[in-house]
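Enquirer: Below is the structure I would like to discuss, written out as structure tokens.
Please treat every number below as a calculation from the coordinates, not as lab data. A quick note: this is a predicted structure, and the numbers were derived from the prediction, not measured. Every residue, glycine among them, receives a Cβ derived from its backbone with ideal geometry; neighbour counts consider all protein chains shown.
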Amino acid sequence: MTSDRIDLDTLRSGARLAGFAWTDAELDEIRTQVEAALRLLRVLESVDLGSTEPTTSFRAV
Amino acid sequence: MPELVWAPVTELARMIASKAVSPVEVVRAHLDRISALDGDLRAYITVCGDAALDAARAAEGALMTGGAPGPLHGVPYALKDLYDTAGVRTTGGSRIFADRVPTVDATVARRLAQAGAILLGKLNMVEFAYGPEGLNPHYGHAHNPWDATTPRMAGGSSSGSGVAVAAGLAPAALGSDTGGSIRIPASLCGITGLKPTYGRVSRAGVLPLAWSMDHVGPMTRTAADGALLLRVMAGYDPADASSSVLPVPDYPVALTGDVKGLRVGMLRNGFLDAAAPPVQAAVEAAANTLVSAGAVLDEVKLERTSLAAAGALAVVAAEALAYHAELLRTRAADYDPEVARRLRVSAFVGGAHYVRAQQVRALVREEIDAALARRDVLLAPTTPVAAPALDERRVALGDGPSDVRTALLRFTRPFNFSGHPVCALPCGFTQTGLPVGMQLVGRPFDEATVLRAADAFQRLTDFHTRRPVM
């Protein structure tokens, strides 16, 4: 999901996939925040990660 | 004898151990002050008055019979209401946990008790630690004590911890820091807050926001007090798989007051330059103070910290939702509506986002490590503005306007993402008398150098000794 504008159907599907059944009013309330979050997350999609592995533990125990 | 409610922890510990003052006097002085002021300040959710006095009497008795006092014997402190306390409710700042009474102490609470510290009570906070403003609709917003006329944010999420220490309602408190929640209230309330290296202090028994971003640390009026508390709190805990087996240094001994040759890297681009002018001026002056004491200053440009905002969003969102999913399905109406909205947004962060964020995390950490390979500490403002008014939603920064929430998190969150240790301390005041904070970032597990630099700054200045007029 990387488009700028998200319609209610997409929000509903996304919520359902995540296991939630929110009302249209609840989804509409978060629409602009979801759009803003996804715009920010697009930054992650644009980074050249090469062969960098995910960091699951930061420090030597 | 100093006024007991303003004495540092190190001094209280010394006075109590030498029997110059009774723990009962110290605890009673704090309880009286809480009674007088906390109705307005709302730093506390639960005050453990009777238990604290009982513990103080026991501590006094132990001293009279010649028992060897622990390093914090008889010294009162308070806990963010995120830390489990056996027999004392731990609400997480939420109505959902209003009656939740743990049966086991959090590890750090147990360690502080073993060192002789006395719990005054449980402190106000943003619900489930999910916010930097310090607002809580269930228990009341904690009020910043530095402005008696305009209600101002204390910062969060450890809002009560910041207010209690700043206002003399506790000589020390514990907070937690997932995106800045120790350092933001430290900055806005004019106190010293330490976010240790990830894994330095056990998180066992602390309600999580995001497991891989949560840090536990002390909030005090001096770096020396922070060093003493960290010495007691830090160390491996089998109950926390992320806790480090690295030995715990004697942090108080490291506080030599000497910064000759200390290599300080100023974070200007994206940090100092983005702060509001009064903050810029105070942090620049602080850097000059360190230089005048022999530190060596240069400038550092971090290119990758801009990735930290996106990465931290993905990690916190995914991990917070993992913890809250069931509660969000069954108790949604009982959440702070703002926290509920943030959790709902989290549902749209996918697994691939989360994994990419963890890859980006390695890159961000690598860059900060490289900067610290040639320097001892990095210096930056803690927050780009001083305390906003409670109803303020947008602020003017050095690089343009911003919403308050994003602004408050901007300079702190990268170091939760990377896990480096950071000490936030006051470095000045605005023209209207609001505290300004700076942060010192160190190498992993080098809290000793970070605290040494902070303590040395506090020996050269008096910002940390000023008190709000209440």
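Enquirer: May I ask what percent, to the nearest 5, of DSSP beta bridges between residues of region B:67-202 are antiparallel?
Expert: So the antiparallel bridges in region B:67-202 amount to around 20 percent.
Enquirer: Where a ≥ b ≥ c are the square roots of the eigenvalues of the C-alpha gyration tensor, would you call region B:211-254 rounded, which needs a/c under 1.5, or, failing that, prolate if a/b is larger than b/c, or oblate?
Expert: Note, shape of region B:211-254 comes out oblate.
Enquirer: While we're on this one: Per residue of A:23-33, what is the mean number of Cβ atoms on other protein chains within 10 angstrom of that residue's Cβ?
Expert: The shielding value for this peptide is 2.
Enquirer: Based on other C-beta atoms within 10 Å, arrange B:Ser94, B:Ser181 from fewest to most.
Expert: B:Ser94, B:Ser181
Enquirer: Taking the beta-carbon count within 10 Å as an exposure proxy, list B:Arg152, B:Arg183 from fewest neighbours to most.
Expert: B:Arg152, B:Arg183
Enquirer: If one takes the longest principal axis of the Cα atoms in chain A, at what angle in degrees, from 0 to 90 and to the nearest 10, does the Cα axis of helix A:24-46 lie?
Expert: The angle comes out near 30 degrees.
Enquirer: Could you give the DSSP H helices of chain B that reach 18 angstrom or more along their long axis (alpha carbon positions) and whose average Kyte-Doolittle hydropathy is no lower than -1.0?
Expert: B:23-41, B:49-64, B:277-292, B:305-330, B:351-373, B:447-460
Enquirer: Go through region B:261-266 residue by residue and turn each phi into a ³J(HN,Hα) via Karplus (6.51, -1.76, 1.60, θ = phi - 60°); whole Hz please, and just put x for glycine and proline.
Expert: x, 5, 8, 10, x, 7
Enquirer: Where a ≥ b ≥ c are the square roots of the eigenvalues of the C-alpha gyration tensor, would you call region B:306-437 rounded, which needs a/c under 1.5, or, failing that, prolate if a/b is larger than b/c, or oblate?
Expert: It is oblate, given that a/c is not under 1.5 and a/b is not larger than b/c.
Enquirer: Here's another thing I want to ask about it. Compute the length gained on full extension between B:Lys260 and B:Thr465: take 0.36 nm times their separation in residues and subtract their Cα-Cα distance, giving the result in nm to one decimal.
Expert: Fully extending the segment from B:Lys260 to B:Thr465 adds 71.4 nm.
Enquirer: For every helix of n ≥ 4 consecutive DSSP H residues, a contribution of -39,500 (n - 2.57) applies; sum these over chain B, divide by its total residues, and give [θ] at 222 nm rounded to the nearest 500 deg cm²/dmol.
Expert: Mean residue ellipticity, 222 nm, calculated: -12000 deg cm²/dmol.
Enquirer: Using the Karplus curve 6.51 cos²θ - 1.76 cosθ + 1.60 with θ = phi - 60°, work out ³J(HN,Hα) for each residue of region B:376-391 in order, rounded to whole Hz, and write x for Gly and Pro.
Expert: So the J values, rounded to whole Hz, are 8, 9, 9, 10, 7, x, 7, 10, x, 9, 7, 4, x, 5, 4, 9.
Enquirer: Antiparallel DSSP bridges in the protein assembly as shown: what percent, to the nearest 5?
Expert: Once the DSSP bridges in the protein assembly as shown are tallied, antiparallel ones form about 70 percent.
Enquirer: Could you work out the local net charge near B:Asp336, counting Lys and Arg as +1, Asp and Glu as -1, over the other residues with Cβ closer than 13 Å to its Cβ?
Expert: +1
Enquirer: Right, another one. At a Cα cut-off below 24 Å, give the lysines reachable from B:Lys195, other chains included and same-chain residues fewer than 8 away excluded.
Expert: Answer for B:Lys195, where 24 Å is the Cα cut-off: B:Lys80, B:Lys122, B:Lys301, listed by chain and number.
Enquirer: Still on this structure, I have one more. Tell me whether region B:151-233 comes out rounded, prolate or oblate; compute the Cα gyration tensor, take square roots of the eigenvalues as a ≥ b ≥ c, and use a/c under 1.5 as the rounded threshold.
Expert: oblate
Enquirer: Using the count of nearby Cβ atoms within 10 Å as a rough guide to exposure, how do B:Ile368, A:Ile6 rank from fewest to most?
Expert: Ordered from fewest to most neighbouring Cβ atoms within 10 Å, B:Ile368, A:Ile6 come out as A:Ile6, B:Ile368.
Enquirer: Give the calculated FRET efficiency between A:Asp28 and B:Thr65 to the nearest 0.05, with a Förster radius of 60 Å applied to their Cβ-Cβ distance.
Expert: After rounding to 0.05, the efficiency reads 0.35.
Enquirer: Can you give me the angle between helix A:8-17 and the longest principal axis of chain A, using Cα atoms only, in degrees from 0 to 90, rounded to the nearest 10?
Expert: On a 0 to 90 degree scale, this one is about 50.
Enquirer: Using a Förster distance of 45 angstrom, determine the FRET efficiency expected from the C-beta separation of A:Asp4 and B:Thr150, and round it to 0.05.
Expert: 0.75
Enquirer: Enumerate by residue number the trypsin sites (Lys or Arg not before Pro) in region B:359-444 meeting two conditions: DSSP loop (anything except H, G, I, E, B), and at most 16 other Cβ atoms within 10 Å of the site's Cβ.
Expert: Loop-located and lightly packed - B:Arg374, B:Arg393.
Enquirer: Here is a follow-up. Evaluate the relative contact order of region B:413-466 (contact order divided by residue number), counting alpha-carbon pairs under 8 angstrom at least 6 apart; express in whole percent.
Expert: Averaging sequence separation for qualifying contacts and normalising by length gives 34 percent for region B:413-466.
Enquirer: Assuming R0 = 51 Å, what is the FRET efficiency of A:Ser13 and B:Glu299, from their Cβ-Cβ distance, to the nearest 0.05?
Expert: Computed FRET efficiency for A:Ser13 and B:Glu299 comes out at 0.60.
Enquirer: Pairs of alpha-carbon atoms within less than 8 angstrom and 6+ residues apart define the contacts here; what relative contact order does region B:54-179 have, in percent?
Expert: 25 percent
Enquirer: How charged is the neighbourhood of B:Val316? Take every other residue with its Cβ under 11 Å from the Cβ of B:Val316, and add Lys/Arg as +1 and Asp/Glu as -1.
Expert: Here the charged neighbours net out to 0.
Enquirer: Among bridges DSSP assigns within chain B, what percent are antiparallel (round to 5)?
Expert: Here the antiparallel bridges make up roughly 70 percent for chain B.
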